[in-house]
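Note sheet for the following structure.
The values are calculated or read from the model by the stated rules, or taken from the named source; none is laboratory data. Because the structure is a prediction, the values reported are computed rather than measured. Ideal geometry is used to build each Cβ from the backbone, glycine not excepted, and the neighbour counts take in all protein chains shown. Surface accessibility is based on the protein's heavy atoms, side chains included, excluding ligands, DNA and RNA. Shrake-Rupley method; radii C 1.70, N 1.55, O 1.52, S 1.80 Å.
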Amino acid sequence: MTTTTTSGTRYATSADGTEIAYDVNGSGPALVIVEGALCHRGMGTAKSVRDSLGDHFTVHAYDRRGRGESGPGATAYEVQREVEDLIAVLEVAGSDARVFGCSSGAALALEAARQGVPMASLAVYEAPFIVDDTHVANDPQLAHRVQAMIDAGERGEAVKLFMRTVGVPAFGIVIMQLLPVWKGLKAVAHTLPNDLTIVLPFEQGKPLPAGHYASVTVPTLVIAGGKSPEYMRNAQAAIAAEVPDARLVTLAGQTHMVKPRATTPALLQHFLP
């Protein structure tokens, strides 16, 4: 079921009844964007690439549960509920929709594809896995530590811990706290444990389980940034090796931040061959 508000926001109803907010822009084949941690339609990948992709696709950007205008869900978080949220948006967009997932959103999109969720093709940008010894493994209890901070009302501390974990320099964190974006980051800090629940099993410095993505049947583009850390680039290579119909592309000079000028041509080549 889909409803539309006067502001243009639309809502898809997930399997558990949670209302998932999304908007539609552009024209052409359908494309659904799956955001990463701390991001939503107004602050993330969709906002940065909507214009460049909207010239070629009907872009469906949605707020993952608990963010923006989407509902939080009535039960304790499970990754499967977020897979169902993506399914709800894809049911609106159509089974021939392309899917572009970024960071933890890439991991979520890969899980949906692994489960056989209908989509025409998939592109993922740097799922933040740690699959070898080129980076220390992340604390398996990190999601619980962050949740404890949220429960104590320490949203800023939770964001800072997450930023340190993903490698943001200390001076960068200090500067961010002085900018308007910091308020927006704290507003969605309560969703950080959700993202960590998705990715932590693959951040333990161990290879991906053999055959984990063997059931992914759609053509998949795996994107790495040429200036990203070695562990991140190695993880993308590992994903591409596990997905049967995958191609790895490394974008020269790019980092974990999705930039339209570099990323859009790669997406067009993959989604519109």
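Brief remarks on what is shown
- Qualifying residue in region 164-175 (condition: open to solvent by less than 40 Å² (accessible area, probe 1.4 Å), within 17 Å of Gly66 (Cα to Cα) and in a helix (DSSP H, G or I)): no
- Taking the listed residues Ala143, Ala152, Ala137, the one that is at pLDDT 95 or above, farther than 24 Å from Ala246 by Cα and open to solvent by 50 Å² or more (accessible area, probe 1.4 Å) is Ala152, with no other qualifying.
- The residues of region 185-225 that are under 23 Å from His40 (Cα atoms) and assigned to a loop (DSSP other than H, G, I, E, B) amount to a single one, Val188.
- Listing of helices (runs of 4 or more DSSP H) fully contained in region 40-127 that carry 1 or more residues being free of Cβ contacts under 8 Å to residues at least 24 places away in the same chain, more than 12 Å from the chain's Cα centre (by Cα) and surrounded by fewer than 24 Cβ atoms within 10 Å (Cβ to Cβ): 45-54, 79-93
Conditions tested, residue by residue: (1) β-branched (Val, Ile, Thr); (2) under 30 Å from Ala252 (Cβ atoms).
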position: Pro72; (1), (2): no, no
position: Glu78; (1), (2): no, no
position: Val83; (1), (2): yes, no
position: Leu86; (1), (2): no, no
position: Glu111; (1), (2): no, yes
position: Tyr125; (1), (2): no, yes
position: His135; (1), (2): no, yes
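- Considering only residues in region 251-273 that are aliphatic (A, V, I, L, M), outside any helix (DSSP H, G or I) and surrounded by 18 or more Cβ atoms within 10 Å (Cβ to Cβ), the one that is nearest to the chain's Cα centre (by Cα) turns out to be Val258.
- Arg65 in contact with a Gly (Cβ under 6 Å, 6 or more places away or on another chain) and under 23 Å from Ala187 (Cα atoms): yes
- So Lys183, is it without any contact (Cβ under 8 Å) to a residue 12 or more places away in the chain, open to solvent by 30 Å² or more (accessible area, probe 1.4 Å) and over 18 Å from the mean Cα position of the chain (by Cα): yes
- Count of region 117-159 residues which are touching a helix residue (DSSP H, G or I) at 6+ places or on another chain (Cβ under 8 Å) and closer than 22 Å to Tyr77 by Cα: 20
- Residue in region 243-262 that is in contact with a Gly (Cβ under 9 Å, 6 or more places away or on another chain), closer than 20 Å to Asp96 by Cα and of a type in the set (Val, Ile, Thr) present: no
- Pairs are defined by a Cβ separation below 8 Å, a sequence spacing of at least 6 or placement on different chains, a first member in region 225-241 that is farther than 10 Å from Val131 by Cα, and a second member that is assigned to a helix (DSSP H, G or I) and open to solvent by less than 20 Å² (accessible area, probe 1.4 Å); the pairs so defined are Gly225/Met232.
- Looking only at region 27-39, and only at residues there that are aliphatic (A, V, I, L, M) and part of a loop (DSSP other than H, G, I, E, B), the one that is nearest to the chain's Cα centre (by Cα): Ala37
- Given (1) open to solvent by less than 10 Å² (accessible area, probe 1.4 Å); (2) of a type in the set (S, T, N, Q); (3) part of a helix (DSSP H, G or I), number of the condition Ser228 does not satisfy: (3)
- Residues that are farther than 19 Å from Ala266 by Cα, open to solvent by less than 20 Å² (accessible area, probe 1.4 Å) and not β-branched (Val, Ile, Thr), drawn from region 19-35: Ala21, Tyr22
- Filter result (within 17 Å of Arg50 (Cα to Cα) and either touching a Gly at 6+ places or on another chain (Cβ under 6 Å) or among the polar types (S, T, N, Q) (or both)) within region 83-102: Cys102
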